[in-house]
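> One structure, pasted below without further comment.
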Amino acid sequence: MKKFIFAILMACISFASFAQDKNAAMEVKSTVASGFDKCAMYPGGEKGMNTFIHKNIDYPMAAIKSGKEGNVTVQFTVNTDGTVSNVKVVKGLEPSLDAEAIKVVSKMKGWTPAMKGGKAVPMDYQVNCNFTK
């Protein structure tokens with residue numbers, strides 16, 4: 001079922017959002033698979049995803065206090081009904097940061113599914129989250 005070839009060429013989205021009341025930043029870079037007529041899109045596009053992450057991210061206080069910073073890469077599938085599934089960390093950093101990245105991505109709902117040949121199809125997507133103070 002998963003015959004997707006990951007390619008950075010299709011979309012590299014980079015933006016930053018700040019964790020609420022913690023003076024911490026989370027940069028998100030997305031990588032989607034090529035070979036689609038239309039890629040999956042979050043409501044409001046890049047700006048919508050940025051807003052969602054900004055409102056929902058919670059940089060764990062323990063990670064802030066211990067100085068944990070860096071990238072967490074999360075992979076997930078955008079299904080034909082616009083839901084997200086199969087959320088997993090493909091490049092982790094620290095358990096609390098990994099869990100926070102999974103939590104936020106798992107909450108993203110209402111995606112417009114990818115299209116191929118006039119049909120909605122599932123599409124794998126990656127989000128690279130950079131937690132920095």
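Read-outs throughout are calculated quantities, based only on the coordinates presented, and are distinct from any laboratory measurement. It should be emphasised that the depicted structure is a prediction, and the values quoted were computed from it without experimental measurement. Neighbour counts run over all protein chains shown; Cβ positions are idealised from the backbone, glycine included.
> Might you let me know whether segment 90-101 holds any residue that is surrounded by fewer than 17 Cβ atoms within 10 Å (Cβ to Cβ) and under 13 Å from residue 125 (Cα atoms)?
There is at least one residue in segment 90-101 that is surrounded by fewer than 17 Cβ atoms within 10 Å (Cβ to Cβ) and under 13 Å from residue 125 (Cα atoms).
> Take segment 41-72 and flag every residue that is under 15 Å from residue 95 (Cβ atoms), among the β-branched types (Val, Ile, Thr) and not in a helix (DSSP H, G or I).
72
> From the list 88, 116, 133, which one is farther than 17 Å from residue 35 by Cβ, charged (D, E, K, R) and in contact (Cβ under 8 Å) with a residue 24 or more places away in the chain?
133
> Kindly provide the set of residues from segment 112-133 that are part of a loop (DSSP other than H, G, I, E, B) and either at negative phi or within 15 Å of the chain's Cα centre (by Cα) (or both), ordered by number.
Within segment 112-133, 113, 122, 133 qualify.
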